[in-house]
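Below is one structure; the comments refer to it alone.
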Amino acid sequence: MSRTASPRKPRASSQARIVQILTAARELLAEQGMATLSIYTVAERAGIPPSSIYHFFASVPALLEGLTADVHAAFRASLQQPIDHTALRSWHDLSRLIEQRMLAIYAEDAAARQLILAQHGLAEVTQADQQHDLELGRLMHALFDRHFPLPQLPKDIDVFNLAMSLGDRVYARSVQLHGHITPRLAEEGMRVFDAYLGLYLPPALPKRPEPLA
């Protein structure tokens, strides 16, 4: 990665500056897309010199990697929100709840749609997204297992990661065609997610009496 790494946690002042930079970049992405994004336009929007950005982000791809990490932090947080175990009738209910939470993030965050779903051709961002997806897949697997005793799943692929990626392909198609995720294609994406998981999870998978701690 080209983003400057440090073995120490950033000081509060440095963290505040990083947030300021990422907020400016997020606003520009939402308004103008990737085409005009540069260190200089971000610096102008943030009201700071370009050198202040280069101190934390060596390039535009490094800056976008930082934004991608922010987006995935929101996705991780959505998986960690409380779930009413008593309201789950089947694993399909859990599947739909998870996808609806992620769709809400896409709906509210134009930068997330630009980074994850739009065709931007930036290998660094795509690679960062894929690495974060691996963690999301593991968290999703653990979440399903918390509420439902899962059958033996393949060890050579991450079923949950792949299901999420397939659903995202449908959402990406909607963004390419319409600039946002339409209700119709949101529903289709959730169906794709469910359909793939249904290849490995039986329809009548019993719910645990109590969720795992």
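So how many residues does the stretch 14-33 have that are surrounded by 20 or more Cβ atoms within 10 Å (Cβ to Cβ) and either at pLDDT below 90 or outside any helix (DSSP H, G or I) (or both)?
The total comes to 1.
Can you name every residue in the stretch 34-68 that is assigned to a helix (DSSP H, G or I), surrounded by fewer than 17 Cβ atoms within 10 Å (Cβ to Cβ) and not polar (S, T, N, Q)?
Residues satisfying the conditions are TYR40, GLU44, PRO50, TYR54, HIS55.
Of everything in the stretch 134-171, what is among the charged types (D, E, K, R) and either within 15 Å of TRP91 (Cβ to Cβ) or buried (at least 19 other Cβ atoms within 10 Å of the Cβ) (or both)? Give them in sequence order. Can you show your working first?
Just the residues of the stretch 134-171 that are among the charged types (D, E, K, R), to begin with: 135, 138, 145-146, 155-156, 158, 168-169.
Listed by number, the residues that qualify are ASP145, ARG146, ASP158, ASP168.
Among the numbered conditions (1) over 28 Å from ILE98 (Cα atoms); (2) among the hydroxyl-bearing types (Ser, Thr, Tyr); (3) open to solvent by less than 30 Å² (accessible area, probe 1.4 Å), tell me where SER78 comes up short.
Tallying (1) over 28 Å from ILE98 (Cα atoms); (2) among the hydroxyl-bearing types (Ser, Thr, Tyr); (3) open to solvent by less than 30 Å² (accessible area, probe 1.4 Å), SER78 fails exactly one: (1).
Would you pick out the residues in the stretch 81-91 that are closer than 23 Å to ALA204 by Cα, open to solvent by 40 Å² or more (accessible area, probe 1.4 Å) and not in a helix (DSSP H, G or I)?
Keep residues of the stretch 81-91 that are closer than 23 Å to ALA204 by Cα, which gives 83-91.
Now drop any that are not open to solvent by 40 Å² or more (accessible area, probe 1.4 Å), which leaves 84, 86-87, 89.
Hits for the stretch 81-91 are ASP84, ARG89.
Does SER95 count as within 19 Å of the chain's Cα centre (by Cα) and over 28 Å from ARG26 (Cβ atoms)? Step through it out loud before you land on a result.
Working: within 19 Å of the chain's Cα centre (by Cα): yes; over 28 Å from ARG26 (Cβ atoms): yes.
Answer is yes for this residue.
Could you tell me which numbered condition GLY121 fails, if it satisfies all but one of (1) on the phi > 0 side of the Ramachandran plot; (2) at pLDDT 95 or above?
Condition (2) is where GLY121 drops out.
Looking at the stretch 172-187, which of its residues are touching a Phe, Trp or Tyr at 6+ places or on another chain (Cβ under 9 Å) and either assigned to a helix (DSSP H, G or I) or open to solvent by less than 20 Å² (accessible area, probe 1.4 Å) (or both)? Reasoning before the result, please.
First, pick out the residues of the stretch 172-187 that are touching a Phe, Trp or Tyr at 6+ places or on another chain (Cβ under 9 Å): 175, 180-181, 185-186.
Hits for the stretch 172-187 are VAL175, LEU185, ALA186.
The values are calculated or read from the model by the stated rules, or taken from the named source; none is laboratory data. Small disclaimer: the values here were computed from a predicted structure and weren't measured. Here the Cβ is made from the backbone with ideal geometry for all residues, glycine too, and neighbour counts use every protein chain on show. We work out accessible area using only protein heavy atoms, side chains counted, and drop any ligands, DNA or RNA first. Shrake-Rupley method; radii C 1.70, N 1.55, O 1.52, S 1.80 Å.
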